[in-house]
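Enquirer: Here it is, the structure, as structure tokens.
The values are calculated or read from the model by the stated rules, or taken from the named source; none is laboratory data. Keep in mind that this is a model prediction, so the values were computed, not measured. So basically every Cβ, Gly included, is an ideal-geometry build from the backbone, and we count neighbours across all protein chains shown.
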Amino acid sequence: MGMGETDPEERALVRREATPLADPYEREYMRGQGLVLHRTKQRAPWQLNALFGVIAVASMAPIVAGLPSAWIGALFTLPILFVVWMLFAVLRVTVSEGSVDVQYGLFGPKIPIASIESAEPTTYHWARYGGWGIRRGPGGEWLYNMPGDKGRAVRVVWRDAKGRRKVTLIGSSDPHGIADAIARARQALPAGASPPPQLPGDDG
């Protein structure tokens with residue numbers, strides 16, 4: 001090993017120690033299975049928050065202007081706007097010894113580590129998926145992304161409980177960290193716990 005190089009086990013230890021603590025939401029709804037190896041939390045950029053703010057102000061404008069019955073429209077619009085903002089304000093990813101938990105608001109898969117065939121950093125173009133959020137790609141894969149990830153993601157190929165092949169792309173500013181954590185979790189699985197290698201043309 002050359003001067004300045006770090007042993008892989010040391011890098012893994014540093015990454016585990018650097019893993020941020022779970023917030024109350026994660027402790028309640030994203031406990032994972034076993035030791036948490038990696039977690040990321042991406043917040044919506046200020047531009048998106050500003051957009052929601054502008055819409056909220058626009059919804060209140062008729063009330064300020066004293067228009068008749070304007071409060072009725074705001075009564076429906078503002079709560080819905082708040083719920084949508086809360087759902088899509090944060091994209092959370094937690095990799096534990098037993099599963100990969102992805103939550104965009106209240107939505108996202110819990111992928112068992114034992115069902116994962118591969119997990120690799122990749123890139124994507126948001127236009128291919130029609131924007132940001134929770135998107136289904138032309139190939140049937142699902143994308144969970146947040147503006148600001150610069151087109152970086154982790155491509156996870158896995159099998160559901162019925163053996164059907166799934167592809168999930170997780171947008172992230174740290175795709176290598178997520179992929180490395182998944183690799184460590186897979187390596188720790190008991191012999192025979194991982195799914196068989198994918199065969200050419202095997203689409204589930």
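Enquirer: So, of the residues in region 171-189 that are hydrophobic (A, V, I, L, M, F, W, C) and over 14 Å from Ala114 (Cα atoms), which turns out to be surrounded by the most Cβ atoms within 10 Å (Cβ to Cβ)?
Expert: Per the stated criteria, the residue is Ile178.
Enquirer: Then there's this: Give region 136-158 a look and list any residue that's assigned to a loop (DSSP other than H, G, I, E, B) and either over 18 Å from Ser173 (Cα atoms) or under 14 Å from the mean Cα position of the chain (by Cα) (or both), or say none.
Expert: If the condition is that a residue be assigned to a loop (DSSP other than H, G, I, E, B) and either over 18 Å from Ser173 (Cα atoms) or under 14 Å from the mean Cα position of the chain (by Cα) (or both), then Gly137, Pro138, Gly139, Gly140, Glu141, Met146, Pro147, Gly148, Asp149, Gly151 are the ones that fit.
Enquirer: Confirm whether Arg164 is in contact with a helix residue (DSSP H, G or I) (Cβ under 7 Å, 6 or more places away or on another chain), modelled with pLDDT of 90 or more, surrounded by fewer than 21 Cβ atoms within 10 Å (Cβ to Cβ) and closer than 23 Å to Tyr129 by Cβ.
Expert: no
Enquirer: Specify the residue that is surrounded by the fewest Cβ atoms within 10 Å (Cβ to Cβ); the eligible residues are those in region 83-135 that are over 11 Å from the mean Cα position of the chain (by Cα) and polar (S, T, N, Q).
Expert: Thr123
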